[in-house]
Amino acid sequence: MTTGFSFLVHGKSKTGKSTLSDTGPAPRLVLDAEGGNGTTWTPSKKTTWDPNTESPPDPARGWETCVVNVRKFMDVQRSYEWLNSGQHPFRAVTLDSVSETQQRGVDEIAGTNQMQTQNWGELLRRISKLIRDFRDLVNHPTNPLDVVTFIAMTREVGGMQQPYVQGQLATILPYQVDVVGYLQQVPD
């Protein structure tokens, strides 16, 4: 039985995607692959965590949002391992952003070299599995999350806004989550 929901929110820069994710139930975890662009400005009380060297911090210390500064693809993978272990305090998790995390995957696979045909298949499998793994945390057997949010950049395709990810992930990503939303600012 599903206890939570997974969301994909995409939109242009500075439309409030990170702020929206900051409204998820606390304590929340944000995997910030964009160098603090979103988490710096959200209103919640924050702490940082390095999942490669520490166990998750205790929310009794007064924070609402725990931020992992994602510098490598393995930072996301290690965060998932902690969440999947069930040994964490989090109720919500946000991957900010899928677009940048996919690029971190490119960096890991090809470095500064150009991606080869077989590399694109490997990247699709890694990122698609990562999305499914995080999404499935709402059904974790011992410590399910209430909300899993994926943030993505957006691009216009055929007159419509679509999540900006590369390759076949653009086609399958919307099918991997419960809700897909486009966030925009409209002048009043």
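Evaluated against (1) within 24 Å of Leu183 (Cα to Cα); (2) modelled with pLDDT of 95 or more, Ser55 falls short on exactly one condition, (1). With respect to (1) touching a residue at least 40 places away in the same chain (Cβ under 8 Å); (2) part of a strand (DSSP E or B); (3) open to solvent by 10 Å² or more (accessible area, probe 1.4 Å), the lone exception for Leu20 is condition (2). All conditions in (1) more than 25 Å from Gln176 (Cα to Cα); (2) open to solvent by 20 Å² or more (accessible area, probe 1.4 Å); (3) in contact with a strand residue (DSSP E or B) (Cβ under 9 Å, 6 or more places away or on another chain); (4) modelled with pLDDT under 90 hold for Lys46, with the sole exception of (4). Residue check: Arg126 meets all listed conditions (1) in contact with a Lys or Arg (Cβ under 9 Å, 6 or more places away or on another chain); (2) more than 13 Å from Val70 (Cβ to Cβ); (3) open to solvent by 10 Å² or more (accessible area, probe 1.4 Å); (4) of a type outside the set (Ser, Thr, Tyr) but one, namely (1). Within region 70-87, the set of residues being free of Cβ contacts under 8 Å to residues at least 40 places away in the same chain, open to solvent by less than 70 Å² (accessible area, probe 1.4 Å) and over 15 Å from Gly105 (Cα atoms) comprises Trp82, Ser85.
Could you tell me whether Gln161 is open to solvent by 10 Å² or more (accessible area, probe 1.4 Å) and more than 17 Å from the chain's Cα centre (by Cα)? Taking the combined requirement at face value, the residue satisfies it.
Of all the numbered requirements in (1) β-branched (Val, Ile, Thr); (2) in contact with a Ser or Thr (Cβ under 9 Å, 6 or more places away or on another chain); (3) open to solvent by 20 Å² or more (accessible area, probe 1.4 Å); (4) free of Cβ contacts under 8 Å to residues at least 60 places away in the same chain, Val179 misses one, and that requirement is (4).
Of the numbered criteria (1) at pLDDT below 95; (2) charged (D, E, K, R); (3) over 14 Å from Thr149 (Cβ atoms), the one Asp22 fails is (3). Aliphatic (A, V, I, L, M), under 27 Å from Ser85 (Cβ atoms), out of contact with any strand residue (DSSP E or B) (no Cβ under 6 Å at 6 or more places or on another chain) and at pLDDT below 90 - does that describe any residue in region 147-160? No, region 147-160 contains no residue that is aliphatic (A, V, I, L, M), under 27 Å from Ser85 (Cβ atoms), out of contact with any strand residue (DSSP E or B) (no Cβ under 6 Å at 6 or more places or on another chain) and at pLDDT below 90.
The values are calculated or read from the model by the stated rules, or taken from the named source; none is laboratory data. Since the structure is predicted, the reported quantities are computational estimates derived from the model, not experimental observations. Using ideal geometry, Cβ is built from the backbone for each residue, glycine included, and neighbour counts are taken over all protein chains shown. The accessibility values were calculated without ligands, DNA or RNA, using every heavy atom of the protein model including side chains. Shrake-Rupley method; radii C 1.70, N 1.55, O 1.52, S 1.80 Å.
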